[in-house]
1. Full extension from B:D470 to B:A147: what is 0.36 nm times the residue separation minus their Cα-Cα distance, to one decimal in nm?
2. Just in region B:1-97: which trypsin sites (Lys or Arg not before Pro) are loop by DSSP and have at most 15 other Cβ atoms within 10 Å?
3. Can you tell me what the convex hull of the Cα atoms of region A:192-309 projects to on average, as an area in nm²?
4. Post the alpha-carbon centroid distance, region A:272-314 to region A:6-73, in whole angstrom.
5. What are the ³J(HN,Hα) couplings of region B:387-396, residue after residue, when phi is run through the Karplus curve with 6.51, -1.76, 1.60 and θ = phi - 60°? Round to Hz, x for glycine and proline.
6. Quick one: of the DSSP bridges fully inside chain B, what percent are antiparallel, nearest 5?
7. Out of residues 5 or more away from B:A156 or on other chains, whose amide H comes under 5 Å of its own, with H placed 1.01 Å from N in the peptide plane?
8. Which residue, A:R233, A:R186, A:R101, tops the fluctuation ranking in a GNM of chain A built on C-alpha contacts under 10 Å?
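The values are calculated or read from the model by the stated rules, or taken from the named source; none is laboratory data. The shown structure was predicted, so the numbers you read here are calculated from the model rather than taken from an experiment. Heads up, the Cβs are rebuilt from the backbone with ideal geometry, glycines too, and the neighbour counts pull from every protein chain shown. These area figures cover heavy atoms from the full protein model, side chains too; ligands, DNA and RNA do not enter into them. Shrake-Rupley method; radii C 1.70, N 1.55, O 1.52, S 1.80 Å.
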Amino acid sequence: MPTSSTERARRRHVIDLDDFSSAEIEEILTTAESMKEVLSREIKQVPALRGRTIVNMFYEDSTRTRISFELAARALSANIVNFSARGSSVEKGESLVDTVRTLQALGADIVVMRHSQSGAPYLVAQHFRGSVINAGDGRHAHPTQALLDLYTMREHLGQIGGLHVLIVGDVLHSRVARSNLWGLTRMGARVTLCGPATLLGPPAYWTATWPEVTISYQLDAVLDSADVVMLLRLQKERQQAGLLPSLREYTRLYGLTPERLARLGKRVLIMHPGPMNEGVEISPEAATAPNAVIEEQATNGVAVRMALLYRLAG
Amino acid sequence: MRYLIKNGSIIDPAQRVATVGDVLVTDGKVERLFEIADRAEEQHVLGDDVEIIDARGAVVAPGFTDLHTYLRQPGEEHKETIASGTLAAAHGGFTTVCAMPTEHPTHDTAATVRLVQELARREGHVHVDVIGALTVGREGRVLADLAELAEAGCIAFSDGDRALSDAALMRHALTYAAALGLPVMSLCQEARLSAGWAMHEGAVSTRLGLPGCPAAAEEAQIARDIALAELTGAHLHICQVSTAGGVALIRAARARGVRVTAEVSPHHLTLTDRWVLGNLAIHDPAPVASSAQRRQSNPHPELGLPSWLDPTRLPPYDPSTRVCPPLRTEEDIEALAEGLRDGTIDAIATGHSPQSRVEKECEYGLAAPGISGLETALALVLSLVHRGEMDLVDVVARLTEGPAQVLGRSPATLRPGARADIVIFDPDAAWTVDATRFVSRGQNTPLHGQRLKGQVMLTMAGGNIVFRRDGFGAPDAKPAH
């Protein structure tokens with residue numbers, strides 16, 4: 001594997017991509033290629049993490065992310081334990097810090113965590129001697145999702161530098177968008193955030209951290225220059241909260257409809273972190289188009305997570 | 001008992017006095033103030049029973065009044081008690097604290113108010129005034145028995161950090177309180193705009209993915225409350241102003257004669273939402289770099305202090321930075337300091353909100369807001385003086401005269417005959433904040449580990465020494481008389 005031991009020693013946690021250099025991202029993507037090769041074998045397992053214990057600590061339901069980590073851990077021969085907040089000591093009022101101390105005492109090496117509160121992984125990292133991988137926290141970050149998105153883009157389009165990536169939809173509440181912003185800008189892509197103004201917030205809030213980013217309220221004005229169109233899941237409660245007039249209007253202005261699909265070049269990637277609201281942010285035609293790589297994103301997720309686990313535990 | 005506080009730099013805003021001299025305290029009252037020229041006379045006046053406190057190099061001022069203190073007793077004694085909170089006040093140079101309604105039970109009946117008064121009389125280290133709840137249970141639905149609370153001795157009415165969202169009820173509250181001659185203290189946050197907030201809404205909250213409270217949430221409610229104060233003629237006091245827009249609204253209202261006063265906290269004057277970012281790197285250096293440059297134009301470089309406090313010592317999302325209202329921006333800080341300088345903001349009030357570890361050692365968005373502020377207040381505000389942004393006399397005035405004016409009483413002073421509420425502080429003493437050594441039960445402060453300058457040396461309340469640092473001013477330390 002291409003990682004030098006000094007760099008490997010430096011990284012203990014994966015909480016967001018804000019502290020990743022482009023070189024480190026490149027290395028992970030390259031490692032993930034080897035991992036993907038492992039996954040294509042008949043026996044999809046290597047002994048790299050034998051004897052290590054990984055805890056999947058999910059305070060918020062996410063079957064697909066949890067299973068993806070579980071498969072990645074098993075492919076590396078690690079022991080993996082699933083811990084769900086539901087029906088656990090958490091429901092009896094145990095604090096996050098207490099829970100982490102217990103996992104520490106039980107011998108966990110890596111905690112993979114999903115939490116509804118932004119920043120929760122930083123708290124865990126302060127109280128845990130092993131490694132923390134953020135599998136999504138509040139609206140803050142979802143670094144493994146962003147890495148698998150980068151992997152998928154690189155696999156199909158050769159390189160990420162110079163691409164124009166549209167991130168469309170509820171950017172304000174999206175941890176996927178934030179982590180992708182770090183990863184994409186670090187790798188030299190051009191990013192446009194597109195959606196209703198109520199789901200973006202003032203542009204200056206974004207450009208203060210990501211000066212390169214462009215904000216657009218009109219999908220049709222930016223669609224034609226895109227290399228990648230990444231659609232975000234629209235939570236239907238945003239409409240009830242008064243952020244949107246109607247789902248119908250949202251779909252008309254920001255949905256990847258068959259008409260917009262027809263305008264896209266064949267090489268333009270259609271991506272979605274899932275689960276999709278078909279007929280809202282993405283039409284069934286777009287979701288199953290030849291240039292839609294939504295299922296591949298899921299496959300690549302396992303390889304990318306293997307690469308990260310390997311890097312942290314190696 | 002008699003004390004002679006010698007050779008201090010005396011600052012008494014109420015008398016417009018700033019001089020070097022001695023203060024003689026007899027039987028709980030200030031007997032005389034001697035300037036250097038009065039020395040010969042001083043020898044004559046002194047008897048044998050005088051304890052001399054050498055205050056050379058220190059400032060001697062009237063004791064401070066804090067308009068906004070949570071003592072948490074009765075009900076939340078694990079966070080603070082009247083004994084621990086008033087001792088923290090003494091350590092901070094405050095000789096009077098105004099106790100905000102507790103959580104449960106709250107100050108909505110005369111019985112609770114009398115309990116607090118009784119506990120304060122028995123166990124308090126400094127004077128305690130009680131602020132009555134504005135509404136029953138601080139729930140914002142029904143007015144508390146305001147007249148009975150006034151009879152019991154409440155000095156103002158407030159629902160503390162719960163903003164009253166019902167505008168009609170706020171109108172009635174102001175009308176009723178005005179007839180009783182007491183102010184209504186309002187912490188302004190529009191309920192829907194601030195719903196679910198974790199921090200100030202802006203670039204930092206966007207980066208961190210934390211739900212934000214926009215400055216407009218405060219400004220909208222201040223504007224509403226000012227309109228209602230104008231309508232009713234009542235005395236409205238705005239608590240813990242945190243935004244530039246809020247200062248502008250108050251300034252304009254005062255200019256047209258509305259009876260509105262205001263306070264600002266030491267932390268809102270000095271810390272920004274950057275502190276929530278902690279040790280995460282800044283990726284657009286422009287706004288912070290420019291302020292850093294401004295800080296470096298420190299007019300006292302010889303003091304050898306860091307030009308500014310350092311937020312990067314904190315981890316990101318440190319709940320100790322979660323306060324109500326939230327920490328705002330550099331622009332807000334500048335406007336708040338300007339408001340304090342020009343008198344738009346009458347008083348500095350700590351907003352002392354002690355929390356236990358349980359409420360703070362958790363996810364940021366779930367943490368209880370609040371800072372344990374009494375013991376760091378003076379040093380934080382003095383940082384404005386050390387940077388040349390504020391005058392020392394003005395700072396003392398905003399800690400003594402200002403709060404008294406808000407309460408409609410004569411200010412603490414060193415005038416002969418006045419109650420001997422006195423603070424002695426060394427504005428240049430540098431120290432490192434160690435929250436684990438706070439006498440307050442609340443150790444919740446983002447300032448832990450920060451180097452501050454300005455330390456209280458001795459506090460006297462009603463002529464009794466309620467705090468004295470390491471034998472400060474003792475006879476063996478002083479040169480022979």
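1. 111.7 nm
2. Loop-located and lightly packed - B:R16, B:R56.
3. 8.5
4. For region A:272-314 versus region A:6-73, the Cα centre distance is 15 Å.
5. Values, residue by residue: 8, x, 8, 8, 8, 4, 5, 5, 4, 4 Hz.
6. Of the beta bridges lying entirely in chain B, close to 50 percent run antiparallel.
7. Correct list: B:G132.
8. A:R101
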